[in-house]
Amino acid sequence: MIKKEILIVDDSEINRCMLRMMLEKDYDITEAENGSEAISIIEKDDHIFRLILLDLVMPQMDGFEFLEQLKEHHVQQDLPVIIISGDNSEKSLDKAYDLGAVDFFTKPFNPNIVRHRVENVINLCSQSYRDALTSCYNRSGFIQIVEKFIQKVDDITKYSMIFFDIKNFKAINSIMGTSGGDNVLKFTSKSIQDSDLNPLFVARLEADHFVCLAERERIDYDAMMDHDGDTIEIKGRQMQVRFRMGVAHLDDESSVAGYIDRAKLALNYIEDEYLKPYAEFDQKMAQSYVNTAVVTSEFETSLENDEFKVYYQPVMEAATGKVASAEALVRWIHPERGMVPPDLFIPALEKDGYISKLDLFVDIKVHSILKEWKSQGLPTVPISVNLSWMDFYDADMIQFLKDRLENDPSSSKDIRYEITESSYAALKENRSVILKEIRHLGAWLLMDDFGSGYSSLAMLMNYHFNILKIDMSIIRQLENNEEVPHIVELIINMSHHLKMKVVAEGVENENQLEFLKKAGCDYIQGYYFSKPLPEEDFKKFLAKHQAENKILTY
Ligand code: C2E
Ligand code: CA
Ligand code: CA
């Protein structure tokens, strides 16, 4: 247990000695003979004092001047000062209070009173930079102390900022109740302090977000990956507290708050939190970080300016090579940045709630194109649009989709909806009826990205889909992981049992195609047949296939 540090500033050696004896059991004591010595000790920056005991009358620099200088230093604004003085005339005490002192002791000192008041003042004053629940630093305390710390180190690149986010904290909170959740937070703060990282400073920023500064060489990723989480017992239950971690190495180019942001940003880049629950910040992330802000600020104007274009990727029937359908994929043709892929801007739009606007735009576009082509006697196929989980919270959008299905029943055969398991949470919140309604109105539902996540099966058990799309990441492994072909066969068989057709996504070569055909996969989507095409090219693609009698009729 590290002792809190106190600085005693008094020219009388006897006074210093007495105070030291009263306090040194609980505190680390540093002594100064006068104000200027005290200032230079504070400036040296190798102490983090929690309290100053200050005599007013001293040679060289007296207590008043010291208080004035301390104010100008701004080093530790919250550092409380207690006056110890024989001179307790009201005038000088008033002056000392004006200069920021918080309390005073008169000589002779009563050891009991001294100890209690010191403890009280430290506790009270630390509230503004300590987290009340866990008693580690809060954000402002952490920033202040780390700023002070990095000013004094020779090589800042030896240190790293690590951001922690407790996995499933929401679930823990709802199972264990708020008091259980609080226990988990206290436990977490302690297990970070005691971890092998041996952090220099730990803070709780908000909710279940913790951050610490540690030496870079103490970071052991293998250990982090093996780490099963520390176990805490709450209400007789054993719970494992596991983290997701974002790491930013210090590099002299940012501020403490900036390093915290970077570490937090890295968290968002954790791809598979089960296999690798951490990510390191790199400049690419900073790039997309800027983009996120740019995306949401530019989105509405860009939509009005027609910068968003819908591309169409054909889906072919595996057995015949006929065009069976297509998927609508949005592109942002930015006037300066060129074509921005959806992976770069969709997460930003989901965060800021704009995604439904975009999805609606795509849906309307697809609907109008199909109408137009049909009226011109051109060939068409059913087109699926992607729904984001956010869309299920947008009552207006859902109503719009339902109204159209009711008013124009033929559209139910033209437009299909792709849903990923990320919608599961939204649907469970009493929105499950939305999918049923859409289905009853005749539209087809596709389970998107099957196999990329963890609750796909739960989705299948709770909702009925017409088509299942095997995620590209699985197709990618067909050729280099001997288990994968069996898994793909099982997924296809399972789907057929459940009366679903199957699309394999991301098929790029003949090998994959041949295997999938043999395994009974119904449809193929991927670069092997075609990349997503702009509207005009897709129109030509359909015309060419129609000429060869290669468009599937249902
Ligand atoms: P997704 O729904 O899984 O779409 C398939 C993605 O795989 C598309 O990327 C497509 O271009 C790509 N792809 C298809 N075949 C191949 C292949 O053979 N090889 C490779 N390497 N890639 C292939 P894209 O267009 O960049 O879209 C990425 C994701 O963005 C989509 O994944 C979808 O989740 C989302 N997205 C796209 N358009 C929309 C939209 O209008 N609304 C919403 N909510 N999400 C969209
Ligand atoms: Ca999709
Ligand atoms: Ca997909």
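The values are calculated or read from the model by the stated rules, or taken from the named source; none is laboratory data. Please read these numbers as outputs of a predicted model, since none were measured by experiment. Quick reminder, even Gly has a Cβ in these numbers, built from the backbone with ideal geometry, and neighbours come from all protein chains shown.
Overview of values
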| read-out | value |
| --- | --- |
| Residue tally, condition of a type outside the set (V, I, T) and surrounded by fewer than 16 Cβ atoms within 10 Å (Cβ to Cβ), over segment 166-185 | 7 |
| Residues of segment 469-505 satisfying the condition of being of a type in the set (D, E), surrounded by fewer than 17 Cβ atoms within 10 Å (Cβ to Cβ) and either within 16 Å of ligand 2 (Cβ to nearest atom) or farther than 14 Å from D522 by Cβ (or both) | E479, E482, E483 |
| Conditions (1) polar (S, T, N, Q); (2) surrounded by fewer than 21 Cβ atoms within 10 Å (Cβ to Cβ); (3) within 17 Å of E505 (Cα to Cα); number of the one not met by N462 | (3) |
| Options Y354, Y424, Y393; residue that is of a type in the set (F, W, Y), in the same structural domain as E536 (by TED's automatic domain parsing) and within 16 Å of ligand 2 (Cβ to nearest atom) | Y424 |
| Tally, over segment 83-108, of residues that are aromatic (F, W, Y) and buried (at least 16 other Cβ atoms within 10 Å of the Cβ) | 2 |
| I487 being in the same structural domain as S384 (by TED's automatic domain parsing) and more than 25 Å from V323 (Cβ to Cβ) | yes |
| Residue in segment 354-363 that is among the small types (G, A, S) and crowded, with 21+ Cβ neighbours inside 10 Å present | yes |
| Within segment 400-442, considering residues that are touching a Lys or Arg at 6+ places or on another chain (Cβ under 8 Å) and either in a helix (DSSP H, G or I) or more than 16 Å from ligand 1 (Cβ to nearest atom) (or both), the one farthest from A324 (Cα to Cα) | E437 |
| Number of positions in segment 481-518 that are among the basic types (K, R) and in contact (Cβ under 8 Å) with a residue 60 or more places away in the chain | 1 |
| All positions within segment 399-453 that are out of contact with any strand residue (DSSP E or B) (no Cβ under 8 Å at 6 or more places or on another chain) and touching a residue at least 60 places away in the same chain (Cβ under 8 Å) | K413 |
| When residues of segment 221-266 are limited to those that are without any contact (Cβ under 8 Å) to a residue 40 or more places away in the chain and surrounded by 18 or more Cβ atoms within 10 Å (Cβ to Cβ), the one farthest from F201 (Cα to Cα) | L265 |
| Candidate set: segment 442-458, residues that are crowded, with 18+ Cβ neighbours inside 10 Å, within 24 Å of the chain's Cα centre (by Cα) and not small (G, A, S); chosen: the one farthest from ligand 2 (Cβ to nearest atom) | F450 |
| Long-range neighbours under 8 Å by Cβ, at least six apart or interchain, first residue within 20 Å of D343 (Cα to Cα) within segment 374-395, second surrounded by fewer than 14 Cβ atoms within 10 Å (Cβ to Cβ) | W389/A425; M390/G353 |
| Helices (runs of 4 or more DSSP H) wholly inside segment 24-139 that include at least 1 residues being over 47 Å from the mean Cα position of the chain (by Cα), at pLDDT below 85 and aliphatic (A, V, I, L, M) | 90-98 |
| Only one of E317, E327 that is surrounded by fewer than 19 Cβ atoms within 10 Å (Cβ to Cβ), modelled with pLDDT of 95 or more and in contact with a strand residue (DSSP E or B) (Cβ under 7 Å, 6 or more places away or on another chain) | E317 |
| Sole exception among (1) polar (S, T, N, Q); (2) closer than 25 Å to S140 by Cα; (3) in contact (Cβ under 8 Å) with a residue 40 or more places away in the chain for S12, by number | (2) |
| Per-region count, segment 519-538, residues crowded, with 18+ Cβ neighbours inside 10 Å and touching a residue at least 40 places away in the same chain (Cβ under 8 Å) | 10 |
| Matching entry among M461, M494 (being away from ligand 1 (no atom under 13 Å from the Cβ), modelled with pLDDT under 95 and in the same structural domain as P314 (by TED's automatic domain parsing)) | M461 |
| Residue match in segment 376-390 (condition: away from ligand 3 (no atom under 16 Å from the Cβ), part of a helix (DSSP H, G or I) and surrounded by 13 or more Cβ atoms within 10 Å (Cβ to Cβ)) | yes |
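Residue by residue, here is whether (1) surrounded by fewer than 18 Cβ atoms within 10 Å (Cβ to Cβ); (2) under 30 Å from F529 (Cα atoms) holds:
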site: N268; (1), (2): yes, no
site: E271; (1), (2): yes, yes
site: D282; (1), (2): yes, no
site: F308; (1), (2): no, yes
